[in-house]
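To start, the structure itself, in structure tokens.
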Amino acid sequence: MAEARSITEIVDTLKDRGARYLRFELPDTHGTSRSKTVPIDKVQGYAERGLNLYGGTLGLDTAASVVPGTGLNEEINYADTKLWPDFSTLQPVPWIEGMWKVVCDLTFIDGTPVEAAPRYVLKKLLDEAASLGFSVKMGHEFEFYLLDGETQEPFFDGLHIFNSTRNHWVEGIEPLLDALIAQDVDLITHNCEYAGSQFEINFGPGVGLAGADKAFTFKATVKEFCHQLGYQATFMSKPWADRAGCGCHVHMGLLKADSGANAFLDPDDSDGLSGTAKAFTAGILTHAKSIMPLIGPTPNCYHRLAPHTFAPSNISWGIEDRTAMVRMKASKDDQTHLEMRAASGLSNPYLSAAATLAAGLLGVQKGYDLPAPVEGPCEDDESFEKLPKRLDRALDALEADADLRALLGEPFVKLFTAVKRHELARFHAHVTDWERKEYLEVY
């Protein structure tokens, strides 16, 4: 569909394929899909002149509360913005007959881009990489729970990773896989994960924006399709204190723009790693605290980051070390890349990619030195600095990091920190079940 030469041809092709509606989707600040559904005979007009959308949509917190101070609400009198479809992302919605969807970019009414939009932030960073002579290959690897839609409880318990019976224990797994494949999400593997009723479905990487678009499609599909089945799918980091957390491993590498060669590979290095790979990794470690709000954007995310959980707890790297923040996949061939393991499963794929890329590019631009790897698992080495254990401290680090802020863009940092501080205020004002159980009778 992306090869169609004009909007008219795209719409005609959609009609030929039985499309009755087109969903204009916006990846919001949290990585969820906000959309308007347009009848097919209205698509061309909106594609040509833009589709109006409440301008503060990106300035809503997780409860959809209107957040002041984002730059998109009271500052612009709550005016509209416009959605512009990127037809390279056009895909069917396989579980709704006649429905298609397209990912959109966002502008103000005068046509200037909304620089706080996560997809725009990643686009600008990809341009920054291109100015250095690189294209970016990325992939996202998510864990999630499937729960009963009414009770919100797991379908089974126990520790059963890769167990063949449990892989397909829940009815509807195969139709979910089919729905993903129908949208060009190129599946690699499916399996049950460490905890009961936890799953992982892996798909191939993409070059540039296509990699993050595919991750956005994956998460949105899992959420919506499983709802259609009567289930609750959740990427929440730590739904239960005594069960495994849900992570997102961001796989990333740089390609030389002129040749397509892997810029992370150096056959003459003892580990097969180029200077670019080492500097990029050093950038992630140097700015690790500052990127944490983007890859762990809720207070709950920080419960997951603990030793002996296969989630990182400190700022470290290692070759094939699953306990490190950055696991270097040093295969000594064209597959050489890194795996940033600190992101939460609920993180916005555009922002987890943007955070990893921005920090890595700073390392390349400034020529950061990578410390030598340590012997043994990184989580057991007390010399490494710990990752932040609270969102407010991570936000402090982001706000103090001038270099990272400059790459991400001030409009985005302003919006993102305002939304997250607003959520934190609600979080700290909430009286928890734990507090009542702990204090009510004693005092």
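The values are calculated or read from the model by the stated rules, or taken from the named source; none is laboratory data. Keep in mind that this is a model prediction, so the values were computed, not measured. Using ideal geometry, Cβ is built from the backbone for each residue, glycine included, and neighbour counts are taken over all protein chains shown. To get the accessible areas, we keep the full protein, side chains included, count just its heavy atoms, and leave off ligands, DNA and RNA. Shrake-Rupley method; radii C 1.70, N 1.55, O 1.52, S 1.80 Å.
Overview of results
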| item | result |
| --- | --- |
| Residue within the stretch 215-223 that is open to solvent by less than 50 Å² (accessible area, probe 1.4 Å), over 17 Å from the mean Cα position of the chain (by Cα) and within 30 Å of P299 (Cα to Cα) present | no |
| Qualifying residue in the stretch 372-383 (condition: without any contact (Cβ under 8 Å) to a residue 40 or more places away in the chain and of a type in the set (S, T, N, Q)) | yes |
| Test result for L404, touching a Pro at 6+ places or on another chain (Cβ under 6 Å) and under 14 Å from K289 (Cβ atoms) | no |
| So S274, is it free of Cβ contacts under 8 Å to residues at least 24 places away in the same chain, farther than 28 Å from L346 by Cα and open to solvent by less than 30 Å² (accessible area, probe 1.4 Å) | yes |
| G260 being farther than 30 Å from T151 by Cα and in a helix (DSSP H, G or I) | no |
| Leading residue by the ranking (surrounded by the most Cβ atoms within 10 Å (Cβ to Cβ)) among those in the stretch 281-294 that are over 17 Å from the mean Cα position of the chain (by Cα) and within 27 Å of H30 (Cβ to Cβ) | G283 |
| One residue from E410, E379 being within 21 Å of V114 (Cα to Cα) and either over 26 Å from the mean Cα position of the chain (by Cα) or acidic (D, E) (or both) | E410 |
| Any hit, the stretch 234-251, residues being open to solvent by 10 Å² or more (accessible area, probe 1.4 Å), part of a loop (DSSP other than H, G, I, E, B) and of a type in the set (V, I, T) | no |
| Single match in A212, A261 (criterion: closer than 30 Å to D333 by Cα, aliphatic (A, V, I, L, M) and surrounded by 21 or more Cβ atoms within 10 Å (Cβ to Cβ)) | A212 |
| Pair list, Cβ under 6 Å, 6 or more apart: the stretch 214-228 residue under 16 Å from H251 (Cα atoms), other residue small (G, A, S) | K214/G206 |
| Considering residues of the stretch 12-57 that are in contact with a Phe, Trp or Tyr (Cβ under 9 Å, 6 or more places away or on another chain) and part of a helix (DSSP H, G or I) only, the residue most open to solvent (accessible area, probe 1.4 Å) | Y46 |
| Filtered residues of the stretch 200-233 (kept if within 12 Å of L346 (Cα to Cα) and not in a strand (DSSP E or B)) | A215, F216, K219, A220, K223 |
| Test result for F199, in contact with a Ser or Thr (Cβ under 8 Å, 6 or more places away or on another chain), without any contact (Cβ under 8 Å) to a residue 60 or more places away in the chain and more than 30 Å from L362 (Cα to Cα) | no |
| Selection status of I188, assigned to a strand (DSSP E or B), aliphatic (A, V, I, L, M), at pLDDT 95 or above and open to solvent by less than 10 Å² (accessible area, probe 1.4 Å) | no |
| Matching strands (runs of 3 or more DSSP E) fully within the stretch 63-161 where at least 1 residues are without any contact (Cβ under 8 Å) to a residue 40 or more places away in the chain and buried (at least 22 other Cβ atoms within 10 Å of the Cβ) | 80-85 |
| Every residue from the stretch 218-263 that is over 30 Å from G363 (Cα atoms) and β-branched (V, I, T) | T221, V222, T234 |
| Out of G230, G196, G208, sole residue that is at pLDDT 95 or above, small (G, A, S) and either closer than 21 Å to F87 by Cα or touching a strand residue (DSSP E or B) at 6+ places or on another chain (Cβ under 7 Å) (or both) | G208 |
